[in-house]
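Asker: What follows is a single structure, and I will ask about it in a moment.
What follows draws every value from the coordinates through simple rules; no lab data is involved. Treat the numbers as computed from the prediction; the structure is a model and nothing was measured. Neighbour counts run over all protein chains shown; Cβ positions are idealised from the backbone, glycine included.
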Amino acid sequence: MAPAEARARRTDVLIAVGTAALAIGLQFGLPPLDRADPDGTGYRYPDVLSWPWIVLAVGMLVQSAVLLRARRAPRTTLMVTAVLPAVLVLIAPSTLSGLAMLPVVVAVVLAGLRVPVARLWPTLVATVVPIVVTQTVFAFSVLGAGRASMATGLATGIAMGVLQAVGATGLPMLVVLVVRSRRDVRAARTAEATAVDRQQDAQVDAAIARERAAMARELHDIAAHHLSGIALMSAAIDRQIDSDPERAHEGVRQVRAQSTAVLDDLRRLVGLLREDAPAERLVETVPGIVDLVERSRHRGTVELDVRAGSDRRPLGDGVGPLAQLAAYRTVQEALANAAMHAPGAPCTVRIDDRAADHLVIRIESGAATARVPDSSAAGGNGLRGMRERAELVGARLQAGPSGDGGWLVVLGLDRETR
């Protein structure tokens, strides 16, 4: 037997034993108390261990035993405990017959706690009938209500039965409704707290996912820009190491410079992720694209065309810092893609800063003039990172093949209103 089932079983036994002990205790105590009262009630209680007393005691023990089934069959238990008093009063009516209502009250409470009210009310209505019958028989046989007339006796018995039914079922149900309402409130609060916790966990998971995506973009941009150049220069060095040692040495120095640059960028990114030390931040802006293009010329022919406005404002003026970083990374990724997928092709970076409300960056590469290495197959992460950055800052991105077999990337950035 499972621990929870064992605890429930013990609870059922305690309820049944407690009900029986209280009922039999009252049955033992009421006759001596009544005899000790000089005024009395006018009705003599049966002697202890007399026939009516024994019948009532056995009946209440049976009612208490029936309560053991209240967990599995609450409505049946309620009906049985309500019918048994009518049988007892028919067999051996006595002034203590009202004690048989105590197990009925307990059965009402147990049924009300375990069955929804909408399903329980027909059973509650049905219990009124045996209670009215019990009180009517009691009124005739014990109280002598039918001595004057049958109609008066019936009226008296029915009235007593209705009052007894209200006391045995109505009042306990009010208590049950209060208890259930408080239990429902606690359950609702628990569910609300659980929902809040789940929502917070979902928000944390979403934030972590966004941070991971941002880290992936940064790592991809850094690695793709520098390592693609290292791969191309290594291939050139392999061809020149015997035929042109001087140029091979120059290529090795460029590989070293690129390796140092990628290490610096990775160290800077790791520093941003650490909390125990301040990190050095590299300000990557639209003016920094000029130096980026200059550093990229060792991989091929890269031309820069800057078209500034007539008002001599700084390049990229009015574009937010996050949008400028997106522009820088977009150019960096486009140049890396051009070197990887179109080696030897000329590339042009045009920064059009003439419009008053927006800035346009255009990166166009020609068709490949050399064989593309097999290891340079793309996974699509670069274009995905471009689009994510553009969506993040509200920019407009177009990327696709150009008419001459090359590739074209156009990024439009709005200036911030002042």
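Asker: Ordered by packing density, taken as the mean number of other Cβ atoms within 10 Å over each peptide's residues, highest first, how do 57-68, 100-111 rank? Intermediate values should be presented prior to the final figure.
Answerer: Details: 57-68: 20.0, 100-111: 24.2.
Most protected by this proxy first, the peptides run 100-111, 57-68.
Asker: Mind ranking 340-347, 22-29 by how tightly packed they are, going by the mean number of other C-beta atoms within 10 angstrom, highest first?
Answerer: Highest-to-lowest ranking by the protection proxy: 340-347, 22-29.
Asker: Listing E364, E333, E294, E250 from the residue with the fewest other Cβ atoms within 10 Å to the one with the most, what is the order?
Answerer: E294, E250, E364, E333
Asker: Can you give the FRET efficiency for A65 and R384, using 1/(1 + (r/R0)^6), R0 = 60 Å, r = Cβ-Cβ distance, to the nearest 0.05? Write down the numbers at each step before the final one.
Answerer: Details: r = 73 Å, r/R0 = 1.21.
Efficiency for this residue pair is about 0.25.
Asker: Treating the Cα atoms of the range 53-160 as identical point scatterers in vacuum, please give the log10 of the normalised Debye intensity I(q)/I(0) at q = 0.10 Å⁻¹, two decimals.
Answerer: Summing over Cα pairs of the range 53-160 leads to -0.30.
Asker: Let me check I've understood the local charge: for L68, count other residues with C-beta under 12 angstrom from its C-beta, Lys and Arg +1, Asp and Glu -1. What total comes out?
Answerer: Details: positive: R9, R10, R69, R71, R72; negative: D12.
Residues near L68 contribute +4 overall.
Asker: So if I restrict to the alpha-carbon atoms in the range 3-195, what is the Rg, and what is Dmax, the biggest pairwise distance, in Å?
Answerer: 18.8, 68
Asker: Any idea which of V62, A86, T76 is furthest toward the positive side of the dipole for the range 1-144, if Lys and Arg beta-carbons carry +1 and Asp and Glu beta-carbons -1?
Answerer: Among V62, A86, T76, the one farthest towards the positive end of the dipole of the range 1-144 is T76.
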